[in-house]
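The values are calculated or read from the model by the stated rules, or taken from the named source; none is laboratory data. As the structure is a prediction and not an experimental result, all values here were calculated from the model. All Cβ positions, even for glycine, are placed from backbone atoms using ideal geometry, and neighbour counts span all protein chains on display. SASA here: full protein model, heavy atoms, side chains in, ligands and nucleic acids out. Shrake-Rupley method; radii C 1.70, N 1.55, O 1.52, S 1.80 Å.
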Amino acid sequence: MGESIKVVAVLAANPALSSILTMVLAGCPTLRVRLFESQAALTTYMRLAPVDVLVTDFDCADAPANEVADALRHDTRLFRRDFSIIALTRTVTETTKRAAVSTGIDEVIVKPMSPRYLLERVLSRLRRAERLVGGRTYRGPERRERIAMPRVAAYGRSTDNVVALFGRDERPGIH
């Protein structure tokens with residue numbers, strides 16, 4: 001049996017980059033690539049047809065990757081909501097990392113990169129999406145544990161139904 005055709009949507013920072021990425025991705029016979037010039041056009045398309053992977057760009061002035069991802073992850077009118085997001089950026093900062101995780105971006109690639117590398121990453125995302133987690137396709141970032149979360153004290157967890165009467169050093173028998 002042949003592989004099913006997958007749809008990749010591209011919304012990059014500039015037309016030249018978009019064209020190059022689209023050309024390389026379209027060279028793969030199992031991919032159908034759709035190029036978009038605005039977030040509104042992308043959203044309209046995604047409400048009418050399925051998209052498997054979205055390639056977007058943090059450096060896009062009109063539609064930064066985190067804003068696009070956040071809007072799409074919360075849009076209940078999309079044709080299909082289980083898609084992967086790959087974001088491109090010139091630099092990765094702490095802000096970029098937090099934005100990627102909090103908005104559901106699955107992967108960040110630093111520019112400049114080889115368009116062939118992007119193709120490899122798109123194909124990897126598609127293979128990963130085919131695997132099921134808990135009976136359904138996984139819809140969130142795979143690296144939640146990489147963000148520092150508030151530490152819970154050793155003598156109690158935030159989910160406990162217990163109210164601590166003593167502070168850490170005031171507990172009887174603890175010195």
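Taking a point 7 angstrom from the Cα of residue 111 along the C-beta vector, which residues in the range 46-84 have backbone N less than 11 Å away?
Within reach of a label on residue 111: 56-61, 65.
How much FRET efficiency would the formula 1/(1 + (r/R0)^6) give for residue 94 and residue 5, where r is the Cβ-Cβ distance and R0 is 25 Å, rounded to 0.05?
Efficiency, rounded to the nearest 0.05: 0.05.
Give me a comma-separated list of calculated 3J(HN,Hα) values for the range 53-66, in order, Karplus coefficients 6.51, -1.76, 1.60 applied at θ = phi - 60°, integers in Hz, x for any Gly or Pro.
Those phi angles translate into 9, 10, 10, 10, 9, 5, 8, 6, 4, 7, 8, x, 3, 5 Hz.
From the protein chains alone at 1.4 Å, what is the descending order of accessible area for 107, 67, largest first?
67, 107
In whole percent, how big is the carbon plus sulfur part of the accessible area of the range 6-134, probe 1.4 Å, protein atoms only?
Here carbon and sulfur together make up 55 percent of the probe-accessible area.
Between residue 82 and residue 37, 0.36 nm times their residue separation minus their Cα-Cα distance comes to what?
14.0 nm
From Cα pairs below 8 angstrom and at least 6 apart in sequence, can you work out the relative contact order of the range 6-134, rounded to a whole percent?
25
Would you mind putting 7-16, 111-120 in packing order, based on average other-beta-carbon counts within 10 Å, highest first?
The peptides rank, most packed first, as 7-16, 111-120.
Give, in nm to one decimal, the length gained when the segment between residue 75 and residue 48 is fully stretched (0.36 nm per residue of separation minus the Cα-Cα distance).
Value of the extension gain: 8.4 nm.
Tell me, what is the 1.4 Å probe accessible area of residue 93, in Å² to the nearest 10?
Result for residue 93: roughly 60 Å² accessible.
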